[in-house]
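The values are calculated or read from the model by the stated rules, or taken from the named source; none is laboratory data. Please read these numbers as outputs of a predicted model, since none were measured by experiment. In this analysis, Cβ positions are derived from the backbone assuming ideal geometry, glycine residues included, and neighbour counts consider all displayed protein chains.
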Amino acid sequence: MDNVQPKIKHRPFCFSVKGHVKMLRLDLTNSIITAVFLSVVAILAMQEKKRRHLLYVGGSLCLTAVIVCCIDAFVVTKKMTNLKRFLGVEVERKLSPAKNAYPETGPDARQRPA
């Protein structure tokens, strides 16, 4: 009585090599959509300041949630670039003009003008 389980032919994307990057992209998209929706709700709720005070409080809480969503999107973007670098995915890096002006660093490098 062999209880041999068949091999899994389909591997879910979250267990693939780039699956974590895909999940971070979904999280980034979710954060952006949530921030836009909450900002619209906050604007509509804060217009009722004169009639209902609690709606104004709810609108300000929605704005706080928008700020948290934007921070989440920023953190996810940073994490995504670090994860891409770890997985070996090509990441384009653009150097600033200041770094191009003096690329040499170290003890033998020429001194920058003051």
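Structure notes:
- Of residues in the stretch 3-25 being surrounded by 11 or more Cβ atoms within 10 Å (Cβ to Cβ) and part of a helix (DSSP H, G or I), the one modelled with the lowest pLDDT: Phe13
- Only listed residue being modelled with pLDDT of 90 or more, surrounded by 10 or more Cβ atoms within 10 Å (Cβ to Cβ) and not charged (D, E, K, R), chosen from Leu61, Leu55: Leu61
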